[in-house]
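Before any comments, here is the structure.
Values quoted throughout were computed directly from the atomic coordinates according to the rules given, and no laboratory measurement underlies them. Here the structure is a predicted model, which means the values were calculated and not measured. FYI the Cβ positions are ideal-geometry reconstructions off the backbone, even for glycines, and counts take in every protein chain you see.
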Amino acid sequence: MKPRGLLMIEHRLIEKVLSVAQQKALSMTELDYQPAFVETIVDFIKTYADRTHHGKEEDILFTELAKKKLDDDHLRIMKELIDEHQQARSKTEEIVELNEKFKKDDRSVVPAITSAIVWLAGFYPAHIQKEDAVFFPGTEPQFRQDELEDLLNRFYEFDRMMIHEKYQKVYQFIKS
Ligand SMILES: [Fe+2]
Ligand SMILES: [Fe+2]
């Protein structure tokens, strides 16, 4: 498999989860709102979509591409992609803060949480399409075959650490 194959497999799960999250968010009301459901969505976005997936893109793929001679178009797109990751992080933090308000009995935040989830569900497919159809295939020729193999191995190693990082965080959280 090529490195982008692994990232594209992850894209499919991100799309599926956000599609279901959007459906459920649109049916939520102030009366049946479940903070735990939103926490599950937030955990998926933070741990999987951001740390595990964007992590491989930013810390490995984009970092290696930055060492190559990218043309202006691809450089511009890479900056856009990084900026879009940041936008998704900000929107996710917004959801976390609103969910905390709900838990302190502010039920008025439910429509804002719904619209933030709907925003993410609309945002990601466009971001993913830009990577799958334009940026990944367009920049792949920058790498030799052995470099592609090395990237894939570094992706696997990055993934291998994620479960340990996740549960180290759980430990830090419960002892604080
Ligand atoms: Fe991305
Ligand atoms: Fe991606």
- Phi angles of the range 96-106, converted by Karplus (6.51 cos²θ - 1.76 cosθ + 1.60, θ = phi - 60°) into ³J(HN,Hα) in whole Hz with x for Gly and Pro, give 4, 5, 5, 5, 5, 4, 4, 5, 9, 6, 8
- Along the range 169-175, Karplus-curve 3J(HN,Hα) (6.51, -1.76, 1.60; θ = phi - 60°) to the nearest Hz, with x for Gly and Pro, reads 5, 4, 4, 4, 5, 6, 8
- Whichever aspartates and glutamates have a C-alpha closer than 15 Å to that of residue 79, once near sequence neighbours (fewer than 8 apart) are set aside: 57, 58, 59, 64, 71, 131
- Simple spin-label model, 7 Å along Cα-to-Cβ: residue 97 to residue 126 in nm? 2.3 nm
- Query: Separation between the residue 147 and residue 37 pseudo-spin-labels, each 7 Å from Cα along Cα→Cβ, expressed in nm?
  - Reply: 4.7 nm
- Message: Straight-line reach only, C-alpha to C-alpha below 29 angstrom: list the lysines that residue 101 could link to, leaving out same-chain residues fewer than 8 apart.
- Response: 16, 24, 46, 91, 166, 169, 175
- Return, ordered by residue number, the residues of the range 44-72 whose backbone nitrogen is under 17 Å from a label point located 7 Å along Cα→Cβ of residue 8. 57
- Query: Which value at 222 nm does the chain reach when only helices count, each DSSP H run of 4 or more adding -39,500 (n - 2.57), with the total divided by all residues and rounded to the nearest 500 deg cm²/dmol?
  - Reply: -24000 deg cm²/dmol
- Query: With each pseudo-label sitting 7 Å past Cα toward Cβ, what's the residue 73-residue 176 distance in nm, one decimal?
  - Reply: 4.5 nm
- Message: Tell me the Rg and the Dmax, in Å, that the Cα atoms of the range 3-175 produce.
- Response: 17.8, 56
- Would you kindly state how much longer the chain becomes between residue 115 and residue 87 on full extension, computed as 0.36 nm times their sequence separation minus their alpha carbon distance, in nm to one decimal? 8.6 nm
- Which residues in the range 38-81 have a backbone N closer than 18 Å to a point placed 7 Å from the Cα of residue 159 along the Cα-to-Cβ line? 44-62
- Item | J(HN,Hα) series, the range 9-24, from Karplus relation 6.51 cos²θ - 1.76 cosθ + 1.60, nearest Hz, glycine and proline x | 4, 5, 4, 4, 5, 4, 4, 5, 5, 5, 5, 5, 4, 5, 4, 5
- Message: Sorting check: for 8-17, 140-149, 115-124, which peptide has the highest mean count of neighbouring beta carbons within 10 Å, and how do the rest follow?
- Response: 115-124, 8-17, 140-149
- So, with +1 on the Cβ of K and R and -1 on the Cβ of D and E, and no other charges, what is the size of the charge dipole of the range 59-176 about its Cα centre, to the nearest 20 debye? 580 debye
